[in-house]
1. Could you count how many residues in region 50-68 are touching an Asp or Glu at 6+ places or on another chain (Cβ under 9 Å) and not basic (Lys, Arg)?
2. Can you work out which of the residues in region 93-103 that are closer than 17 Å to Lys36 by Cβ and open to solvent by 80 Å² or more (accessible area, probe 1.4 Å) is farthest from the chain's Cα centre (by Cα)?
3. From Lys90, Lys45, Lys58, Lys66, grab the single residue that is open to solvent by 40 Å² or more (accessible area, probe 1.4 Å), at pLDDT below 90 and either among the basic types (Lys, Arg) or at negative phi (or both).
4. Only residues that are open to solvent by less than 60 Å² (accessible area, probe 1.4 Å) and under 28 Å from Ile32 (Cβ atoms): list them for region 76-85, please.
5. Can you tell which of Ile85, Ile102, Ile61 is closer than 30 Å to Lys26 by Cα and either touching a strand residue (DSSP E or B) at 6+ places or on another chain (Cβ under 8 Å) or of a type in the set (A, V, I, L, M) (or both)?
6. Pairs needed: first member in region 46-75, under 15 Å from Gln34 (Cβ atoms); second member anywhere, part of a helix (DSSP H, G or I) and not aliphatic (A, V, I, L, M); C-beta distance under 8 Å; at least 6 residues apart or different chains.
Amino acid sequence: MNRKDRAKQFMPFDALKGFREALKMKEFEQEIVQKKDITEEQAKKLSHTILNIKKNQKVEITFFEKGVYITKDGNAFVNIFENYILLDGKKILFDNVFDIKIL
């Protein structure tokens, strides 16, 4: 038996093609949550914190994206006129910010 044929017999076998992908997708669907509303007091605190961020200051932001909450830290740049924070190249809209801490 040549090397190529011998290697094929040790390849993983997936009896139900696509089953693993379907299971992963189902797990992801269960993790999806609705966006939480914030109180007026939380909104004021967020606004105050956002206004105090200096260019390239290190922050930790919890934000909502595609049905999940993500916490990420990095260097921030705030664009007040277009209502977003640029965190290490990722654009996060003010409306999606749930919590922010200046580090």
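1. Residues flagged as touching an Asp or Glu at 6+ places or on another chain (Cβ under 9 Å) and not basic (Lys, Arg) within region 50-68 amount to 8.
2. The extreme case among them is Asp95.
3. Result: Lys66 is the single residue among Lys90, Lys45, Lys58, Lys66 that is open to solvent by 40 Å² or more (accessible area, probe 1.4 Å), at pLDDT below 90 and either among the basic types (Lys, Arg) or at negative phi (or both).
4. Ala76, Tyr84, Ile85
5. Ile61
6. Every condition considered, the pairs that remain are Phe63/Asn96; Phe64/Asn96; Glu65/Asn96; Gly67/Glu31; Val68/Glu31.
The values are calculated or read from the model by the stated rules, or taken from the named source; none is laboratory data. Nothing here was measured: the structure is a model prediction, and the numbers come from that model. We place every Cβ from the backbone using ideal geometry, glycine too, and count neighbours over all the protein chains shown. SASA here: full protein model, heavy atoms, side chains in, ligands and nucleic acids out. Shrake-Rupley method; radii C 1.70, N 1.55, O 1.52, S 1.80 Å.
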